[in-house]
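Just so it is clear, none of the values below were taken in a lab; they were calculated from the coordinates. Owing to the predicted nature of the structure, the values given are computational and were not obtained by experimental measurement. Because the Cβ atoms are built from the backbone with ideal geometry, glycine has one as well, and the counts that use them run over all protein chains shown.
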């Protein structure tokens, strides 16, 4: 029998998109500006219905493109409103120049992002190329394994953004989560509203008694200092995220961290993964543990800021680590998460585990328990010295 | 995957409600206190094109997020799909197939090349026409599925579906009654 963790929680069945729209209804931002795109369409479709039905008092701005969606969201935020948007894939790409403006102006915009492959060739299914491409945009990036996490992350994102003064995007995997109905515990509206609190910006453009300039030109005299401040803010956001997670746990009972360790502490071989495939991989870990194989897993929740020092401490005892990316940098070298993990391990000067890089699931290509088991099989062979760790990206379930 | 987990695959044609059936089934089963998943396979979104959707039911939280490979139950809404789609794909010898058809289970078993004991048949289209007034076989097939699974309480399922439909069709009480009796009839009429 399913039990709630929070005493006033309620168990419901919802798809990822439905539950994100539900979180937005409870958050009830002042402004939502969005342009629909598969597979994130339902989020704004459902939310705009809430607006039309008078269920929320939010202003909904139906814009003509994602570039305008992000522009309007930024403008609303600068004016002093709590503002949100939702998008996916090509939509995020079209927002590109505005993403940097949201973070550069230190605006606490919150975006729900549904991970989908980028064109060309055109594809509507899941991979994380879209948000991985935006990893240097100065946005906090929080990834969700399932609908529950997407819901909880959305609620926490509002507080994180407003405390860190940085925009936050919360992702879930396209179709795999966005269109999958599963069990979610929701909290009462009142409790969610009280948790996020009222938005009181330090300063805002519509405060006519205290005028200030926003977005002025900034040349070689101060630009560098301002960019340094953004980098510092991103680093400091780790503590903000942990503090919000702590408050969230105290209130609703669910524990969140920068990343999740699954049977990792005594593991000899492990994979690092992000998103919905982490759940599938946990099944593989469980099966290996039943056979006495010391397998473990590290699931990244917060990808930006990257929790580098902490991750090193939790991986340093592992003999061989596989880093799995659902995005290919086309860099001629390695893919995003691997590069971050490798750099983090290398920077400490301690003896590192051997690490290998796998790319999987592009354009919605299936990744199942057997695929994950085959990676652990490879790691075992590397531990035994039967095989050498590959020094290039390996691909899973692709016809080469 | 724990042994207790039940996996179901629905085959239908675009517009027949394979996705709706999987979602409605999941919501209904959740109300009995079990963990559920329901998801469609997204392909060409055209009326009449073959589509699939899936369910998982478990006593424990469901962590897995990949496709259903070896379904315990396969529900076929449109019998013509047996000519063009591999409806028995991944089904092992304990797997069960429930078909909306007027043929007998031995006819179907012969056609699909599987054991007779694996096949269950019900004329869900006929039931739908007589109870709902239209050939929408997805709701009656829910009743057949509950019967074949055997561990679910039909009265509990009916109550939950009634609650669900009451919110959705509160202005159309006939729709609710028709759907409920279609489920009841398919539950009673499905045979192996």
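Can you give me the C-alpha center-to-center distance between region B:105-156 and region A:147-176, rounded to a whole angstrom?
Going from one Cα centre to the other spans 43 Å.
Take the Cβ-Cβ distance between residue B:153 and residue A:377 as r, set R0 to 45 Å, and report the resulting FRET efficiency rounded to the nearest 0.05.
Once the sixth-power term is evaluated, E becomes 0.60.
So how do A:144, A:331, A:7 line up by other beta-carbon neighbours within 10 Å, fewest first?
In order of increasing Cβ crowding within 10 Å: A:7, A:331, A:144.
What shape does chain B take by its C-alpha gyration tensor, where a ≥ b ≥ c are the square roots of the eigenvalues and a/c under 1.5 counts as rounded, a/b above b/c as prolate, and the rest as oblate?
rounded
So if R0 is 56 Å, what FRET efficiency would residue A:63 and residue A:319 give, r being the distance between their Cβ atoms, rounded to the nearest 0.05?
Computed FRET efficiency for residue A:63 and residue A:319 comes out at 0.60.
Mind checking the angle between helix A:16-27 and chain A's longest principal axis? C-alpha axes, 0 to 90 degrees, to the nearest 10.
Relative to chain A, helix A:16-27 is tipped by roughly 40 degrees.
Can you sort A:47, A:190 by how many other beta carbons sit within 10 Å, fewest first?
Ordered by Cβ neighbours within 10 Å, fewest first: A:190, A:47.
How far apart, in nm, are the 7 Å Cα→Cβ label points at residue A:397 and residue A:189?
For the pair residue A:397/residue A:189, the computed spacing is 4.1 nm.
How high is the relative contact order of chain B, in percent, with contacts defined as C-alpha pairs under 8 Å that are six or more residues apart?
Relative contact order comes out at 20 percent.
At q = 0.08, 0.10 Å⁻¹, what is the base-10 log of I(q)/I(0) for region A:10-252 according to the Debye formula with one equal point scatterer per Cα and no solvent? Please give it to two decimals.
Calculated log10 I(q)/I(0) at the listed q: -0.27, -0.43.
Using the basic label-point model (7 angstrom from Cα toward the beta carbon), what is the residue B:167 to residue A:226 distance in nanometres?
Each label point is offset 7 Å from its Cα along the Cβ direction, giving 4.8 nm.
Treating region A:259-395 as a set of equal point scatterers at the Cα positions, no solvent, please give the Debye-formula log₁₀ I(q)/I(0) at q = 0.15, 0.16, 0.20 Å⁻¹.
Relative scattering, expressed as log10 I(q)/I(0), comes to -0.66, -0.76, -1.27.
Any idea how far the Cα center of region A:353-389 sits from the one of region B:24-84, in Å?
Value for the Cα centre distance between the two parts: 29 Å.
Taking a ≥ b ≥ c as the square roots of the Cα gyration tensor eigenvalues, with a/c under 1.5 meaning rounded and otherwise prolate when a/b beats b/c, else oblate, which class fits the protein assembly as shown?
It is oblate, given that a/c is not under 1.5 and a/b is not larger than b/c.
Relative to the longest principal axis of chain A, what angle (0 to 90°, nearest 10) does the C-alpha long axis of helix A:369-384 take?
Taking Cα atoms only, the helix is inclined about 50 degrees.
Give me A:205, A:169 sorted ascending by neighbouring Cβ count inside 10 Å, so fewest comes first.
In increasing order of surrounding Cβ atoms, one gets A:205, A:169.
So for each of A:78-84, B:146-152, A:106-112 I average, over its residues, the number of other beta carbons within 10 Å; can you give me the resulting order with the highest mean first?
A:106-112, A:78-84, B:146-152
Can you show me the helix-derived [θ] at 222 nm for the protein assembly as shown, built from DSSP H runs with n ≥ 4 at -39,500 (n - 2.57) apiece and divided by the number of residues, rounded to the nearest 500.
-12500 deg cm²/dmol
Can you say what percent of the DSSP beta bridges in chain A, counting only those with both residues inside, are antiparallel? Round to 5.
Around 25 percent of the beta bridges assigned by DSSP in chain A are antiparallel ones.
On C-alpha positions alone, give me the angle between the axis of helix A:147-164 and the longest principal axis of chain A, in degrees, nearest 10.
The two axes meet at around 60 degrees.
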